Structure formats: C-alpha cells, structure tokens
Amino acid sequence: MKRALFFSFLIIFSIMVFTINLEKSKELFLYYIQNFDNPSDEFLLTVKKSIDKDLLLYRFYKIALVGSVEKTDVTKKVGDYLNVIYKQTISKDYNEQLARAMFFSYLESSLERKKFEPSFIKSSPNFNQFFNKYQSKVIFASRNFISDLFAKHLGAKIDLPHDIAAPYYTYEFKYTPKFNQPEFLDEIKILLNNEEIKSKFNEYLGEIKKHPDRLSYYINRYTSLMQRNIIKDISNLKNHFSEYFAKLPPKKTNFWWIRWIIYVLIILIFFKSRKWNYVILTISIVEILYLFLAFDVLSNTDATIYGLIAFFALIASIFITLKNKKIFDIIIVSLLVLSFFIPAFSTKDLLMKNQKEFQNSIYFDELTSDVLKDKYSRFSNIITNLLTIVNSSINNTESIVNRIKINLNEIDKNVKTAEYKSIENFDNRIKDFKSLKDELSNYVIEEDINKSQFKRAEKDLEKFSNKIAKLSSEKFEKLFVSELKRRLNLEEIAPSVRKLEKIISNTKDKNSLKIYFYKTKFGIITFVLITIGLFLYTLKNKNYFIWIIASILSSILMLITPINYIVQFGVPMLKLNYTFTIPTLFIISILILFNSLKSLPKKG
C-alpha cells in the first residue's frame, strides 16, 4: 500500500519538479508527430530525409550485397535502423531527449504497423537507450547524495540541500564529498520522501555507527545496499513514461473492416434467391475500391490476405485453363507466370555511384560497418575462412620441413657408419625412408584439401568483390580494398589480394538495375486484380470485366513515374524514376479486354 501511494506521489511530482518536465516533453512529442510530414525545423528535416531516402538506400544495398538475413549477435529490427538517426540527434536537454526517444518509438510502431502501446514502447531500442542513460545518471547522483547524507549524519561537515528524518552523530573521520550532480536534486528529493528509503536509511545508519573506526568503508558498503531501493523506485518511471505517452497520439480509425460484415449480410440476403452474380459484383466493387484507396502494401495482414487470394486464384486459373485447353487462355496464363521473371522496369536511381548524398550520410557509414567490419558479415566469414586455410597450409608446410630436417639429420649421421649401410640393415633403412615417404604423402593429401578449400573460398571472395564493383561506388570500393588489405596482410596471400584489386578496378559498373513488378506498389495491386479477373474469366463469370478494367487502370498508374519501390517490410517505399519498361501486366490486361470485346455478340 505504501509503495502504491508513493508511486502515485512520484507520478504527480514527476510532472512538476523532476529534471524531466512531462508537459514540455508532451508538447514537443505532439509537435514532432503533427509536423513530420511537412517539417520545417532542422531536427524533423534531418529525420524525414534520413527515413525517406538514406535508410531505404541503406537497406537496399545491405540486402543486395549480403542478403536479407541479419547474421548478427542480435537481430536488427526497425527500431535499430532508426536508432542510427536517434544517436545523431540526441539533445542535451532531458525533456527534448525524452520527446525524441518517444517520437522514434512512435515512428517505429508506424513503420511496423503495430500499436503504439506501453509494451511496445518499453521494448523500443530508442526509448530504452534514453531511459537507461537517464536512469543510470539518476542512480549515480542518488548514490553519491545518499553517501554524503550518511557521512553528514555521522558527523562530517557537509552542506546538502535535502535531508532525511534520522539521528545525527558526532564522529570524527575523513570523508571526501561525492555529490556533484545538482541537476538531479528534484529526483533525489522525491526519493528521500519514500518511506521505504527512509526506513532503510535509518536501519543502515544504525549499522554503520557500530564501526566507528571504519566509517568510510561501511558508508560505501551500505550506500551500495541502498542503491537497490533507489533502482526499484526509479525503474517505476519507465512504466509511467510509456503509459503516459502511449495515450497521446491521435487515434487512427479504419472503418474498412466493416466490409467483411457487409459481405456476410449480402451473402445471407441472396442465399435463398441464389443471385450470386449480384453478390460477386458488390464484393468486386468494394474490394477494387479498397485496393485502390486503402490497401497497405507494407502491411503483413494485407500482404498475407491478398497474396493468398492472388496465389489460389492463379493456381485455380492454371488448372481450369489446362482442362479447357483454350489457346488464348494458355497464352495469358503463361504470360502471367513469365511476368515474375521479366523485369518490369530498369532504373539508374539505385546505383550507388548516382547517390552522392547517400555516400555522405550516416547510413553509408552504417552500411560500411555492416558489410565490411561486422564480425558476422558475409565478408568477414569469407576472410576468416580464407585465413584459416592459409594459416593451416603455412603451419603444415613449416611443420613437415622441420620434421624432415630432423629425420634427414639423423639419417645423415647414421649413413656415415658402415653398420647403417650394412647388408644386414636393409629393414632399418627401408623403415626410415618409408617414414619420410608417409610424412610426405600425408602432407600432399592435406595440401590438396587446403588447395581445393582455398580455391572455393577465393572464388567466394572474387564473387563478392565482383558484386561490390558492379553495384557500389568508388568511395565504397576504396573502403573495401582498404579493409581487404588490412585483413589479408600476410605476404603469402598477397597474390590473391592483387587479383581482387584487379577485379575491382577492371569490373564495369552496372548501367542500370532491374525491377520486377512485385517490388512496386501498383505492380502488386495490378497482379491481384488480374489474377482475380482471370479466375472469374476462366469460370465464365461476367464480373471478370470490372476486374480487368481495374487492372488496366492500375497498370497505367504503375507506369507513372516516380514508381513506389518496395525495399522491405518495416521501411517506407522508395520513389524511383525508371529509364525503360516492359509493361507485361498492362499487355495481359489489354489482351483479355480485347478478347472479351471481340467475343461480344454483334448487332444486326
């Protein structure tokens, strides 16, 4: 009960007197949310640009160079990507720090399409980084203050702005004051009002005075014990902060879920009359509107639902087409399947050499660290494997040479004696030289293995170097070569380093990069529309027409530049211009439409 009352007291006073003023942090937090889409101040401009472009390019290059699987000791998530920006925008003002930490947590929840709720906030790396730092400083300041307070009550001449109800003693001892963090006096004042801390302080003070000859030692000891109580009460603030800020953002209302109820009611209404065409038409109109107006291509829920619908519609269309054996239908289905392998666009915007601003951004440094320096990166794994093989070969060679030298020296001594060369010593001579032969045979076998393993590892490194040379910029290539020389600094491996340098210098950069339809927003929408339309078409349901018209409109929107490129779930889409296009989905939609018009009955 006492702890509950104290916690309520703590919450009220934290708004009024703590180093952190929650009202001020709240104002800043809401300002950041409201102005993020149209920023004017430096902080929001930096965050907006970093998220809308630099973060996306970082993720694209990271995936392109080493794949989408994060091979690190801790798997990175969206919050970790945003933490790169957060660390660069930390303010000296605690109110601003808290507001920014919460803002980055809010952005994280928005990008991950998750609720901004206390449990999410407490797991956010940005909020945790802020709170852990804040908490450690408060604890450190409180510990120093408590230590000085013990010393004051035991007789040390120390002036402190706050006191606690406890007896005073007049011992004489040497003590150097520790408290030097006046910015946390308000937090300390609140802590000293905690009944449990008061009780423990009096209890420990009584224990310390039992050792008048070692007061300084016992002050340190019991201050450490007091720290446990301090940590408990400070950690309560984490729950309070997360609960307080979780209520602040405006709630987003989505009424599209009502359509599922409407579908059920329509099915029930027309169930007896069996007018399924009306049901399909109504559902078709609503779903097409949803796809154009509200479909979230980056939502796991939407992606799963419509991905499964499109997949089963395509599979069903293939089976029906193979059963009916109509040439036109087979051509359409074949084109739709081929569209997965035919690039829809060609762009130069994704080439690193064309992204000069990115190369001067914090995410370029993050990319360099992840790809070239991280101990779990593919590059590091290849280098480690290569060095292991080379060192094994070097050790084997040096070892066998030393062993052969020893054996030959022994034979050289023996061969000078008639006894060793005697006709009665054939067996010993054969044994000695057979031993040498076995040593050499084992060495050859091991070196053959090392050779083949080295060639494979070297080939992997050559492929990786080739990928770096084609996709990255001159700046990144120089960093790669520098890291290569630093890691492979053995004279024995120098030929490989020179070969890799030649690969980097002689490999031509890519002129453009291919983009497939399923990596663009309207490409996915168009595919969903076509597959459902094609399914209804193969079933000879006349409602297919509305889906095909919608797919034509969507495929036209797909071709409007800039296109929305999907880098990965959890980050925004990247706007790109393209230089060339093969509009396969548009062609498929037009072919189905023309064939439908051709099959219409003629008048007269």
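The values are calculated or read from the model by the stated rules, or taken from the named source; none is laboratory data. Quick caveat: nothing in here was measured; it's all calculated off a predicted structure. Don't worry about glycine lacking a Cβ; one is built from the backbone with ideal geometry, like all the others, and counts go over all protein chains shown. Note: areas computed on protein heavy atoms with side chains; ligands, DNA, RNA excluded. Shrake-Rupley method; radii C 1.70, N 1.55, O 1.52, S 1.80 Å.
Among the residues of this structure, Phe535 does not count as one that is in contact (Cβ under 8 Å) with a residue 12 or more places away in the chain, surrounded by fewer than 21 Cβ atoms within 10 Å (Cβ to Cβ), farther than 30 Å from Glu108 by Cβ and hydrophobic (A, V, I, L, M, F, W, C). Annotation: of all residues in region 242-275 being among the aromatic types (Phe, Trp, Tyr) and touching a Phe, Trp or Tyr at 6+ places or on another chain (Cβ under 7 Å), the one that is modelled with the highest pLDDT is Phe245. Here the condition is being in contact with a Gly (Cβ under 8 Å, 6 or more places away or on another chain) and of a type in the set (S, T, N, Q); of Ser142, Ser105, it holds for Ser105 alone. Scanning region 242-265 finds one or more residues that are of a type outside the set (Ser, Thr, Tyr), more than 42 Å from the chain's Cα centre (by Cα) and outside any loop (DSSP other than H, G, I, E, B). For region 320-363, filtering for residues that are of a type in the set (A, V, I, L, M, F, W, C) and farther than 30 Å from Leu539 by Cα leaves 6.
Among the candidates Ile503, Ile560, Ile532, Ile515, single out the residue that is hydrophobic (A, V, I, L, M, F, W, C), modelled with pLDDT under 95 and under 30 Å from Ala313 (Cβ atoms).
Exactly one residue qualifies, and that residue is Ile560.
If you go through region 246-293 and keep only what is open to solvent by less than 70 Å² (accessible area, probe 1.4 Å) and within 30 Å of Phe29 (Cα to Cα), you end up with Ala246, Leu248, Pro249.
Across region 315-340, the qualifying residues are those that are among the aromatic types (Phe, Trp, Tyr) and touching a residue at least 40 places away in the same chain (Cβ under 8 Å), and the one among them that is farthest from Leu559 (Cα to Cα) is Phe328. Against the numbered list (1) at pLDDT below 95; (2) open to solvent by 80 Å² or more (accessible area, probe 1.4 Å), Leu553 comes up short only at (1).
A quick yes/no check of all residues on (1) at pLDDT 90 or above; (2) under 27 Å from Asn95 (Cα atoms); (3) crowded, with 18+ Cβ neighbours inside 10 Å:
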{"residue": "Glu196", "(1), (2), (3)": "no, no, no"}
{"residue": "Ser199", "(1), (2), (3)": "yes, no, no"}
{"residue": "Lys210", "(1), (2), (3)": "yes, no, no"}
{"residue": "Tyr218", "(1), (2), (3)": "yes, no, yes"}
{"residue": "Arg228", "(1), (2), (3)": "no, yes, no"}
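Under the condition of being farther than 17 Å from Phe328 by Cβ and among the β-branched types (Val, Ile, Thr), the residues counted in region 535-549 number 2. Would it be correct to say that Asn239 is open to solvent by 10 Å² or more (accessible area, probe 1.4 Å) and within 23 Å of Ile33 (Cβ to Cβ)? Against the criterion (open to solvent by 10 Å² or more (accessible area, probe 1.4 Å) and within 23 Å of Ile33 (Cβ to Cβ)), Asn239 qualifies.
Within region 557-572, restricting attention to residues that are over 18 Å from Pro343 (Cβ atoms) and either of a type in the set (Ser, Thr, Tyr) or touching a Ser or Thr at 6+ places or on another chain (Cβ under 9 Å) (or both), the residue that is most open to solvent (accessible area, probe 1.4 Å) is Phe569. Only one entry in Asn425, Asn450 is touching a residue at least 40 places away in the same chain (Cβ under 8 Å) and either of a type in the set (Ser, Thr, Tyr) or surrounded by 14 or more Cβ atoms within 10 Å (Cβ to Cβ) (or both), namely Asn450. The set of residues in region 276-297 being in contact (Cβ under 8 Å) with a residue 40 or more places away in the chain and of a type in the set (Phe, Trp, Tyr) consists of Phe292, Phe295. Scanning region 364-373 for residues that are among the acidic types (Asp, Glu) and open to solvent by less than 10 Å² (accessible area, probe 1.4 Å) turns up nothing.
I'd like to check which helices (runs of 4 or more DSSP H) are fully inside region 42-148 and have at least 3 residues that are on the phi < 0 side of the Ramachandran plot and open to solvent by less than 30 Å² (accessible area, probe 1.4 Å).
Counting at least 3 such residues, we get 42-49, 55-66, 78-88, 94-111.
Residues considered: Phe328, Phe312. Of these, the only one that is under 21 Å from Phe586 (Cβ atoms) and open to solvent by 10 Å² or more (accessible area, probe 1.4 Å) is Phe328. Check whether at least one residue in region 62-79 is within 30 Å of Arg378 (Cα to Cα), in contact with a Lys or Arg (Cβ under 6 Å, 6 or more places away or on another chain), at pLDDT below 90 and not hydroxyl-bearing (Ser, Thr, Tyr), and report yes or no. Yes: region 62-79 contains one or more residues that are within 30 Å of Arg378 (Cα to Cα), in contact with a Lys or Arg (Cβ under 6 Å, 6 or more places away or on another chain), at pLDDT below 90 and not hydroxyl-bearing (Ser, Thr, Tyr). In region 341-363, the residue that is nearest to Ile560 (Cα to Cα) out of those that are part of a loop (DSSP other than H, G, I, E, B), open to solvent by 10 Å² or more (accessible area, probe 1.4 Å) and hydrophobic (A, V, I, L, M, F, W, C) is Ile342.
Regarding region 177-187, can at least one residue be identified that is modelled with pLDDT under 90, in a helix (DSSP H, G or I) and open to solvent by less than 10 Å² (accessible area, probe 1.4 Å)? Yes, region 177-187 contains at least one residue that is modelled with pLDDT under 90, in a helix (DSSP H, G or I) and open to solvent by less than 10 Å² (accessible area, probe 1.4 Å).
For region 296-340, which positions are in a helix (DSSP H, G or I), small (Gly, Ala, Ser) and under 31 Å from the mean Cα position of the chain (by Cα)?
Ala303, Gly307, Ala310 - these are the residues of region 296-340 that are in a helix (DSSP H, G or I), small (Gly, Ala, Ser) and under 31 Å from the mean Cα position of the chain (by Cα).
For region 471-485, a residue qualifies if it is more than 17 Å from Ser377 (Cβ to Cβ) and surrounded by 15 or more Cβ atoms within 10 Å (Cβ to Cβ), and the qualifying residues are Ser473, Lys475. A Cβ distance below 7 Å, combined with a sequence gap of six or more or placement on separate chains, defines the contacts here; from region 219-233, residues that are over 21 Å from Ala156 (Cβ atoms) reach residues that are not in a helix (DSSP H, G or I) in the pairs Asp233/Asn194.
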